[in-house]
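Contents: one structure, followed by commentary.
Readers should treat all values here as calculations from the given coordinates under stated rules, not as data from a laboratory. From a predicted model like this one, the values you see are computed outputs, not experimental measurements. Cβ placement follows ideal geometry from the backbone for every residue including glycine, while neighbour counts extend to all protein chains displayed.
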């Protein structure tokens, strides 16, 4: 199946097929980072901790197709509901397209490669750590402030 990348980069999310939806993802891994939410303000804070199923060497989920079975708390963005888009990073293609905004110049659908997401420090695989072995009381120590 040939995908029309220029269409995917501009199409409304609801118009995308499953394969087009998947092609929109830049594979930055930011959605796999553990997030903390302030109970009073509902503000979301990203940590540098990544889900235990994320393969830090490959920079991707090790069980993507079965992630909801292996990690029931994993969020399926497509099927979660509109409120999820405000919790995604500002650079996320799903959030941008939900808000009818263009993809950034570095996005793989624009450039044809993933090198630019590394150059722009978008990808998390080089700076994340596994959540394994980190006690919940230490989570706040892992908050990062450069992802909004």
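Some observations on this one:
- In percent, rounded to a whole number, the relative contact order of the chain is 35, using alpha-carbon pairs under 8 Å and six or more apart.
- Where labels lie 7 Å past Cα in the beta-carbon direction, separation of residue 82 and residue 70 in nm: 3.4 nm
- Percentage of interatomic Cα-Cα distances in the chain larger than 27 Å: 21 percent
- Distance from the C-alpha centroid of segment 1-35 to that of segment 42-59: 19 Å, rounded to the whole angstrom.
- Computed [θ] at 222 nm, deg cm²/dmol, the chain (DSSP H ≥ 4; -39,500 (n - 2.57); rounded to nearest 500): -5000 deg cm²/dmol
- Using a simple spin-label model with pseudo-atoms 7 Å out from Cα toward Cβ, residue 5 and residue 35 lie 2.8 nm apart.
- Bridge type composition, segment 5-142 - antiparallel percent by DSSP, nearest 5: 75 percent
- Relative exposure of 68, 125, judged by other C-beta atoms within 10 Å (fewest first): 68, 125
- Applying 0.36 nm per residue to the separation of residue 63 and residue 43 and subtracting their alpha-carbon distance, the gain on full extension is 4.3 nm.
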